[in-house]
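Okay, so here's the structure we're looking at.
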Amino acid sequence: MREIYLDNSATTRAYDEVREIVGQVMTGDYGNPSSLHLKGVEAEKYIKKSLEVISRALKCEDKEIFFTSGGTESDNLAIIGGAFASKRKGNHLITTKIEHPAVLNAMGFLETCGFEVTYLPVNREGIVTPEDVRNALREDTILVSTMHVNNEIGSVFPVEEIGTMLKKEAPRVLYHVDGVQAFGRYTLYPGRCGIDLYAFSGHKIHGPKGTGVLYVRDGVRLTPMIYGGGQQKGIRPGTENVPGIAGIGKAVELTVKHQKETFEKLREIKEHFTRELLKIDGVVINGPTGDKGAPHILNAGFSGVRAEVLLHSLEEDGIYVSSGSACASNHPGISETLKGIGVSDEYITSSIRFSFSEFTTMDEISETLESIKRLLPMLRKFRRF
């Protein structure tokens, strides 16, 4: 039985080239980049190379890129660091109800520190509009945070329009975008559309786990969350994770290189999978379809079957899927995203997320469809007793 991995929004398999460069840095060029000797200089070259690759991908300057331990740290540094650095200007923050826990829990922490947060609801397509954000602005608003692509249903937020609106109407307000599910799928140059802070993660784009990037527009001040030796301008100090930085740099290089063809392939896979799923009785698609949704995320509800039961039944066939956000898996409950777009309770508890990568094939989709068609009648029959 072969493995069919359809949980790429949780994590991706690393590129072979990423594995090779990480191994080389760990066992060959393993010096501390702060050391003045040759080993340190060799290690520093990997950091400079990754800075060059990532800054070119985002059309920004090297000095605007900071390396972190992942999307969660990048989001936290942006939101908490941005809020504390701007607290003399106000204490009001804006986000949405369907953000990733890395954003929502950071906002929750700030509320305990005296900040006030407005949580905007989303529409039936799972997004907020620039008008929604504009209407929530106040004189004391200092930061807005939204995702680019929702990790559960693949809704695509109009982040360029929101950023442009904010810079025109409220230039004092920082705009943070969680790009973890979007980077490598959508081309975005944050500095050109009013985005001050942009975060993404290595392991979502075939890079190493424990690696992340935060773009910080030149001139934006952040209060550090870690204090140490002053690396990365003191914003994110500590000895750099050179193997991880080399790995995420290589992942960005390869992802951007193949972005267009990968996007088209993923779109074709998703559209085919959607058509075939909708031919099955009692199956609905949650969230946007077609061009309105991201090409690599598909959320479907299966009436009469609990999501966890279907997930583990598929697992027995060697098919790996998700019942929601991997980062919320230790805190099961009603999905705020599905609830926010009006999905009924029956389908909220029976919904599965399928997420694809450039390694996904049509043959794997066909096998998955066959398994679903075989399993559903049996699982629905057991549910009735």
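Among the residues of the range 86-127, write down those that are under 18 Å from residue 214 (Cβ atoms) and part of a loop (DSSP other than H, G, I, E, B). If the condition is that a residue be under 18 Å from residue 214 (Cβ atoms) and part of a loop (DSSP other than H, G, I, E, B), then 86, 99, 100 are the ones that fit. Residue-level analysis places residue 208 among those that are open to solvent by 10 Å² or more (accessible area, probe 1.4 Å) and either closer than 26 Å to residue 156 by Cβ or touching a Pro at 6+ places or on another chain (Cβ under 9 Å) (or both). For the range 305-325, the condition of being at positive phi, surrounded by 16 or more Cβ atoms within 10 Å (Cβ to Cβ) and part of a loop (DSSP other than H, G, I, E, B) holds for at least one residue. Only one of the numbered conditions (1) crowded, with 20+ Cβ neighbours inside 10 Å; (2) under 22 Å from the mean Cα position of the chain (by Cα) is violated by residue 368, and that is (2). Filtering the range 329-376 to residues that are farther than 18 Å from residue 285 by Cα and modelled with pLDDT under 95 leaves 329, 330, 331, 332, 333. Restricting to the range 134-156, and then to whatever is crowded, with 24+ Cβ neighbours inside 10 Å and in contact with a Phe, Trp or Tyr (Cβ under 9 Å, 6 or more places away or on another chain), can you tell me which residue is farthest from residue 287 (Cα to Cα)? Ranking the qualifying residues of the range 134-156, first place goes to 143. Taking the residues in the range 137-150 that are farther than 13 Å from residue 199 by Cβ and part of a loop (DSSP other than H, G, I, E, B) as candidates, determine which candidate is farthest from the chain's Cα centre (by Cα). Filtering the range 137-150 for residues that are farther than 13 Å from residue 199 by Cβ and part of a loop (DSSP other than H, G, I, E, B), the one farthest from the chain's Cα centre (by Cα) comes out as 139. What are the residues in the range 240-261 that are farther than 17 Å from residue 201 by Cβ and open to solvent by less than 10 Å² (accessible area, probe 1.4 Å), if any? Listed by number, the list holds a single entry, 242. Considering only the range 343-360, state which residues are open to solvent by 50 Å² or more (accessible area, probe 1.4 Å) and either part of a loop (DSSP other than H, G, I, E, B) or β-branched (Val, Ile, Thr) (or both). Within the range 343-360, 344, 359 meet the criteria.
On the basis of being without any contact (Cβ under 8 Å) to a residue 24 or more places away in the chain, farther than 30 Å from residue 150 by Cβ and touching a Lys or Arg at 6+ places or on another chain (Cβ under 9 Å), does residue 42 make the cut? Considered against the rule, which asks whether it is without any contact (Cβ under 8 Å) to a residue 24 or more places away in the chain, farther than 30 Å from residue 150 by Cβ and touching a Lys or Arg at 6+ places or on another chain (Cβ under 9 Å), residue 42 comes out as no. The single condition among (1) out of contact with any strand residue (DSSP E or B) (no Cβ under 6 Å at 6 or more places or on another chain); (2) modelled with pLDDT of 95 or more; (3) open to solvent by 40 Å² or more (accessible area, probe 1.4 Å); (4) over 24 Å from residue 7 (Cβ atoms) that residue 104 does not satisfy is (4).
Among the residues of the range 211-239, those identified as part of a loop (DSSP other than H, G, I, E, B), under 25 Å from residue 189 (Cα atoms) and either touching a Leu at 6+ places or on another chain (Cβ under 8 Å) or open to solvent by less than 40 Å² (accessible area, probe 1.4 Å) (or both) are 211, 217, 220, 222, 224, 235, 236. In the range 160-169 there is at least one residue matching the filter, namely being within 21 Å of the chain's Cα centre (by Cα), open to solvent by less than 10 Å² (accessible area, probe 1.4 Å) and modelled with pLDDT of 95 or more.
The values are calculated or read from the model by the stated rules, or taken from the named source; none is laboratory data. Owing to the predicted nature of the structure, the values given are computational and were not obtained by experimental measurement. FYI the Cβ positions are ideal-geometry reconstructions off the backbone, even for glycines, and counts take in every protein chain you see. The area values use the complete protein model at the heavy-atom level, side chains included, leaving out ligands, DNA and RNA. Shrake-Rupley method; radii C 1.70, N 1.55, O 1.52, S 1.80 Å.
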